[in-house]
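Q: I am attaching a structure below and will ask some questions about it afterwards.
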Amino acid sequence: MYHVIEFTEALTLDLEISTKHPLERVAVEKGTRQRAQLRPYIVETEDGPAEVADLFFQDGTTARGVAFASFAFVD
């Protein structure tokens, strides 16, 4: 299921285009909206557990380990 998300801060994502290509670094501006499937999980950081998600975009690219704090769901 795809969700519309909006990035709540400017950040740089490393996009996986395919396993045969190197990661592509992309700057995302605050307010950018994208449709994506999410695979949420918890990672342990120096400050304790953090919620992150792998984002699978409609164009077939993937961004891994994106903090939930950096995006919000759009109605």
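Q: Please give the residues of the range 49-69, grouped as numeric ranges, whose backbone N is less than 18 Å from a label point set 7 Å along the Cα-to-Cβ vector of Y41.
A: Output list for this probe position: 49-57, 62-69.
Q: From the alpha carbon gyration tensor of the chain, can you work out the equivalent ellipsoid semi-axes (sqrt of 5 times each eigenvalue) and give them in Å, largest to smallest? List each step's numbers first, then the result.
A: Numbers: eigenvalues 66, 53, 32 Å².
After scaling each eigenvalue by five and taking roots: 18, 16, 13 Å.
Q: Shifting gears a bit: Taking the chain as a Gaussian network, Cα atoms linked when under 10 Å apart, which of A36, A63, A27 shows the biggest mean-square fluctuation?
A: Result: A27 has the largest fluctuation of those listed.
Q: Percent relative contact order of the chain, based on C-alpha pairs within less than 8 angstrom and at least six residues apart? It would help to have the intermediate numbers written out before the result.
A: Working: 154 pairs, mean separation 26.9, N = 75.
About 36 percent, as a whole number.
Q: For D75, D59, what's the fewest-to-most ordering of other Cβ within 10 Å of each Cβ? Don't skip to the answer; put the middle values down first.
A: Values: D75 3, D59 10.
So the ranking, lowest neighbour count to highest, is D75, D59.
Q: Check G65: other-chain or 5+ apart residues with amide H under 5 Å from its amide H, H built from backbone geometry?
A: Answer set, sorted by chain and number: A53, D54, L55.
Q: With unit charges on the beta carbons (Lys and Arg positive, Asp and Glu negative) and the dipole taken about the Cα centre of the chain, which residue among V66, L23, V52 sits farthest to the positive side?
A: L23
Read-outs throughout are calculated quantities, based only on the coordinates presented, and are distinct from any laboratory measurement. Just so we're clear, the structure is a prediction, and the values are computed from it rather than from any experiment. In this analysis, Cβ positions are derived from the backbone assuming ideal geometry, glycine residues included, and neighbour counts consider all displayed protein chains.
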